[in-house]
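Laboratory data are not the source of any read-out in this text; all were calculated from the coordinates shown. Here the structure is a predicted model, which means the values were calculated and not measured. No Cβ is skipped: glycine too gets one built from the backbone with ideal geometry, and neighbour counts run over all protein chains shown.
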Amino acid sequence: MINHQYILQSFSCLSRPTASRLHNMGLCEGCPIKVIQRYPFHGPVIIENNHQRIGIRYQDFAALTEVDA
């Protein structure tokens with residue numbers, strides 16, 4: 001899963017503040033991201049988009065990429 005490319009799906013599954021913050025950081029529906037690092041036990045996931053690294057909760061990552069939580 002490290003260095004794997006994903007396409008962000010719908011932001012509708014996130015809370016409004018989380019979706020707004022990710023959008024303000026340059027993420028949008030349909031944009032590609034790359035997983036840089038995953039922490040064990042469903043810890044945070046470090047993703048990269050346009051040479052910018054962002055840490056997000058696993059639950060948010062799973063919802064955005066339709067990964068089984």
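Where only DSSP H runs of four or more residues are counted, the chain gives -7000 deg cm²/dmol as its mean residue ellipticity at 222 nm, each run worth -39500 (n - 2.57). Taking a sphere under 13 Å around the Cβ of Gly55 and counting the other residues whose Cβ falls inside, with K and R at +1 and D and E at -1, yields a net charge of +2. Computed over the alpha carbons of the chain, Rg followed by Dmax gives 10.8, 28 Å. Backbone phi angles across segment 9-16, fed through the Karplus curve with coefficients 6.51, -1.76 and 1.60 (θ = phi - 60°), yield HN-Hα couplings of 8, 5, 7, 5, 7, 9, 5, 4 Hz in residue order; Gly and Pro are listed as x. Backbone phi angles across segment 52-57, fed through the Karplus curve with coefficients 6.51, -1.76 and 1.60 (θ = phi - 60°), yield HN-Hα couplings of 10, 9, 9, x, 10, 5 Hz in residue order; Gly and Pro are listed as x. Ordering Ala63, Gly43, Ser10 by the projection of their Cα atoms onto the charge dipole of the chain, which places +1 on the Cβ of Lys and Arg and -1 on the Cβ of Asp and Glu, puts Gly43 at the extreme positive end.
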